Amino acid sequence: MADGSTNETTGEREWVTPPPSFVDAANVTAADSEAFLDAGWPACWKRAAELLDWHRTFDSVLDDEETVRWYPGGRLNASYNCLDRHLDERGDEPAVTWEGKLGETRTYSYRELFDEVNAFAAALRDLGVGEGDVVTLYMPMVPELPVAMLACARIGAPHSVVFAGFSADALATRLAGANSECLVTCDGYYRRGDALDLESTADNARLSVDHAVEQVVVERLGDDRSFDDDHVYADLVDEHAGTEVDPVERDAGDLLFLIYTSGTTGEPTLVRHETGGYLAYVTWTSHAVLDLGPGDTHWCSADVGWITGHSYAVYGPLALGATTVLYEGTPDHPQKDRLWKIIERNEVDVFYTAPTSIRAFRKWGEEHLERHDLSSLRLLGTVGEPIDETTWHWYREHVGGGECPVVDTWWQTETGGIVLSTLPGVDRMRPGAVGRCLPGLEAAVVDDAGERVPVGEPGRLVLTRPWPGMARSLCEATDWGDHRTTTVDSAERSRGDSESSPPSGVDVSRDTGDRSSGRDPREDGEWRYDTGDNAVRDADGYLRLLGRADDVLNVSGHRLSTTEIEFAIVGVDGVAEAAVVGGKDAVTGARVHAFVSLESNVAGDEALRERVRAAVESGIGPIAVPDVVTFAPSLPKTRSGKVVRRYLEAIANGEDLGDTSALRNPEVVGELTSLLDR
Ligand code: WT7
């Protein structure tokens with residue numbers, strides 16, 4: 001293998017080693033990781049905060065007397081950290097480079113971004129926005145979105161970004177919920193070939209909110225409409241050009257933003273992130289896991305409307321002085337090589353995307369990549385769902401030229417940033433597994449009684465130590481046990497925590513809706529956050545994610561992980577994606593029903609169905625073999641790209657689907673229903 005990478009298979013367990021050229025130049029080396037841990041816990045988290053500039057240094061790293069408070073006494077401003085502090089050294093270097101739907105490009109140097117953020121911050125103030133007032137940003141992937149985020153941060157106004165694909169009702173709920181009196185939106189935006197009107201959706205939303213909402217409109221379509229009482233973004237920025245707004249010093253614990261989770265299983269929940277802990281955490285993880293620094297070009301393909309875009313398209317890379325790429329369009333428009341063109345043209349160093357996208361690329365075929373020079377890439381990342389081994393290898397081989405390390409990063413809206421991942425300059429990679437917790441964090445896999453399960457047994461993934469990126473609800477809803485007497489040491493990290501002493505037992509089956517474990521009623525209980533995901537740890541301490549706990553199937557008393565069955569199916573030649581749900585069965589409890597989408601030009605025939613069944617039989621066992629295999633044109637997904645098994649389950653059981661408007665592709669639900677009726 002080129003560049004010294006090695007693949008080593010020990011029994012069933014495969015290791016992939018990062019190339020020495022990467023290891024030698026990595027931001028975080030094995031020695032750094034050891035030093036981080038040697039500082040002890042929670043003192044090790046000082047290291048993350050040191051990546052930022054503080055107006056006032058914090059009194060301590062952590063105050064845990066009542067609620068969790070990170071960096072108490074510290075004062076800082078996120079916009080200052082993402083802009084001002086870079087001006088002297090890299091004012092002329094690109095901060096944001098944007099590519100629009102129609103192929104137009106725009107690049108903002110750090111100086112230009114600073115100027116526009118200041119002008120817009122001054123404008124927001126003129127509109128009456130003060131410190132602590134929530135500003136809602138309902139915008140597509142245009143550069144004005146990060147500008148508006150940073151302008152809010154500058155004046156201490158928490159932002160609430162609402163993904164542009166949401167309906168008027170969804171926007172109204174979020175405006176009302178956050179009591180937000182200022183909305184920044186766009187006249188519209190382009191999606192595939194069409195221009196979509198965003199402003200009239202925003203107008204409708206404002207009509208159903210009880211309080212008055214000021215509206216600023218960014219002209220993206222420029223279709224000569226009149227803006228009545230609205231303010232036009234470009235006019236505001238012109239009026240305030242050259243104005244500098246002093247960054248408001250914020251307490252570490254003051255809110256930086258609100259965001260709603262994408263929610264695959266029900267109502268979206270409001271999550272709040274604080275200025276100090278969040279910014280320190282995303283900056284640290286961008287440095288340690290995404291290996292970013294000044295001079296690097298980073299492309300996180302997630303929409304800025306989701307937490308992934310907040311953390312790794314805006315705050316993390318800009319705090320580190322890197323260049324962030326934003327792209328407005330879709331990966332297959334006008335052609336299926338659009339992304340590779342963007343990587344080639346911008347000489348992207350680090351590319352961070354979702355497994356669902358990678359499976360689509362694989363389905364479209366390698367020929368779209370082969371025409372492009374992707375040799376600028378140094379590191380690849382994935383996030384959002386488990387990535388199966390086949391897709392992992394395909395990504396590394398065809399996008400990463402067989403050389404790039406791949407970090408599979410597990411985290412949640414509530415965690416603020418990456419929690420489980422390999423460190424690319426330190427750890428070996430195991431395709432299909434995320435790796436261990438990052439240094440300074442600790443995870444456990446527990447059973448329903450809260451007891452740690454042995455290696456190799458599935459259970460609930462819980463985090464047993466607070467970390468700076470945690471959402472405010474986690475800081476508030478948690479209680480402390482005897483953590484003060486223990487420290488995370490490097491030995492613990494290197495062997496995983498499978499041998500740690502068992503905790504005193506906490507009910508982790510409880511679900512408070514925001515996935516936090518609530519208060520631990522027992523006195524000496526350990527601090528715990530129930531992630532709601534299932535996982536299994538291997539003998540090397542590497543964790544494999546098994547999907548949301550709600551997605552477990554119970555077949556004849558056996559608990560089967562949908563993810564494991566799906567992985568086995570995706571390994572079959574010709575299969576692009578799979579989702580497994582439980583059909584109701586009076587005898588066995590659940591029938592295994594697999595929905596399988598195929599690569600282009602592959603026929604869904606009986607022979608392929610047999611291969612799917614055989615792969616599950618040999619990979620997991622006869623108990624998991626799908627009773628029904630339905631070949632699907634595509635799978636129903638949320639707008640953030642997660643398969644919604646709930647709808648597939650309703651289809652499999654001939655039940656009423658309810659409202660499907662939250663889907664990115666609601667039409668597929670009808671197609672699948674009629675397929676099964678036949
Ligand atoms: C859920 C969180 C992570 C920010 C974007 C989504 C799943 C996330 C992985 C991964 C397996 C993953 C989990 C998690 N998930 N990353 N690398 N491997 N599963 O944030 O909408 O809050 O979703 O996404 O189920 O709980 P979110």
What is the residue count in the range 167-214 for residues that are of a type outside the set (A, V, I, L, M, F, W, C) and over 28 Å from Gly103 (Cα atoms)? 14
Expected single match for of a type in the set (Gly, Ala, Ser), within 29 Å of the chain's Cα centre (by Cα) and open to solvent by 60 Å² or more (accessible area, probe 1.4 Å) among Gly165, Gly193, Gly177 is Gly193
Would you mind finding the one in Glu370, Glu389 that is over 24 Å from Asn27 (Cβ atoms), within 23 Å of the chain's Cα centre (by Cα) and among the charged types (D, E, K, R)? Glu389
Could you tell me how many of the residues in the range 364-423 are part of a loop (DSSP other than H, G, I, E, B) and within 16 Å of the ligand (Cβ to nearest atom)? 15
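Rundown of residues vs (1) modelled with pLDDT of 95 or more; (2) touching a helix residue (DSSP H, G or I) at 6+ places or on another chain (Cβ under 9 Å); (3) more than 28 Å from Asn81 (Cβ to Cβ), yes/no style:
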site	(1), (2), (3)
Asp24	yes, no, yes
Gly40	no, no, no
Trp45	yes, yes, no
Leu52	yes, yes, no
Asp59	yes, no, no
Just to check your reading of the model, which residue among Thr243, Thr297 is away from the ligand (no atom under 16 Å from the Cβ), of a type outside the set (Phe, Trp, Tyr), within 27 Å of Gly641 (Cα to Cα) and touching a residue at least 12 places away in the same chain (Cβ under 8 Å)? Thr297
Only one of these is in contact (Cβ under 8 Å) with a residue 12 or more places away in the chain, closer than 29 Å to Ala578 by Cβ and of a type in the set (Ser, Thr, Tyr): Ser286, Ser357. Name it. Ser357
Would you pick out the residues in the range 31-87 that are open to solvent by less than 30 Å² (accessible area, probe 1.4 Å), part of a loop (DSSP other than H, G, I, E, B) and polar (S, T, N, Q)? Asn77
Thr285: open to solvent by 20 Å² or more (accessible area, probe 1.4 Å) and touching a helix residue (DSSP H, G or I) at 6+ places or on another chain (Cβ under 9 Å), yes or no? no
Name the residues in the range 370-390 that are at pLDDT below 95, open to solvent by less than 40 Å² (accessible area, probe 1.4 Å) and farther than 24 Å from Arg664 by Cβ, would you? none
Considering only residues that are open to solvent by less than 10 Å² (accessible area, probe 1.4 Å) and on the phi > 0 side of the Ramachandran plot, which ones fall in the range 397-420? Gly402, Gly416
Of the numbered conditions (1) over 26 Å from Glu274 (Cβ atoms); (2) modelled with pLDDT under 95, Phe166 fails exactly one; give the number of that condition. (1)
Checked pairs for the range 304-315, first in a helix (DSSP H, G or I), second more than 8 Å from the ligand (Cβ to nearest atom) and of a type in the set (D, E, K, R), C-beta under 6 Å and 6 or more apart or across chains, list as Gly309/Asp303
Pick out the one residue from Gly132, Gly128 that is touching a Gly at 6+ places or on another chain (Cβ under 7 Å) and at positive phi. Gly132
Residue selected from the range 498-555 under the condition within 11 Å of the ligand (Cβ to nearest atom) and modelled with pLDDT under 50, by the criterion nearest to Leu441 (Cα to Cα): Arg515
Within the set of pairs 6+ apart or on separate chains, which have a first residue in the range 31-60 that is closer than 21 Å to Glu249 by Cβ, a second that is open to solvent by 30 Å² or more (accessible area, probe 1.4 Å) and not in a loop (DSSP other than H, G, I, E, B), and C-beta atoms under 6 Å apart? Asp53/Arg85; His55/Arg75; Arg56/Arg75
Among the residues of the range 255-270, are any farther than 24 Å from Glu181 by Cβ, of a type in the set (Phe, Trp, Tyr), at pLDDT 95 or above and more than 14 Å from the ligand (Cβ to nearest atom)? no
Matching residues, the range 290-348, being of a type in the set (Asp, Glu), open to solvent by 20 Å² or more (accessible area, probe 1.4 Å) and under 27 Å from Val162 (Cα atoms): Asp303, Asp332
Ser200 - would you say it is open to solvent by 10 Å² or more (accessible area, probe 1.4 Å), farther than 22 Å from Leu326 by Cβ, at pLDDT below 95 and in contact with a Gly (Cβ under 9 Å, 6 or more places away or on another chain)? yes
Look through the range 88-133, keep the residues that are touching a strand residue (DSSP E or B) at 6+ places or on another chain (Cβ under 9 Å) and at pLDDT below 95, and return whichever of them is surrounded by the most Cβ atoms within 10 Å (Cβ to Cβ). Lys101
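The values are calculated or read from the model by the stated rules, or taken from the named source; none is laboratory data. Just so it is clear, the structure is predicted and the values come from calculations on it, not from any experiment. Because the Cβ atoms are built from the backbone with ideal geometry, glycine has one as well, and the counts that use them run over all protein chains shown. These accessible areas exclude ligands, DNA and RNA; they are computed on the full protein's heavy atoms, side chains included. Shrake-Rupley method; radii C 1.70, N 1.55, O 1.52, S 1.80 Å.
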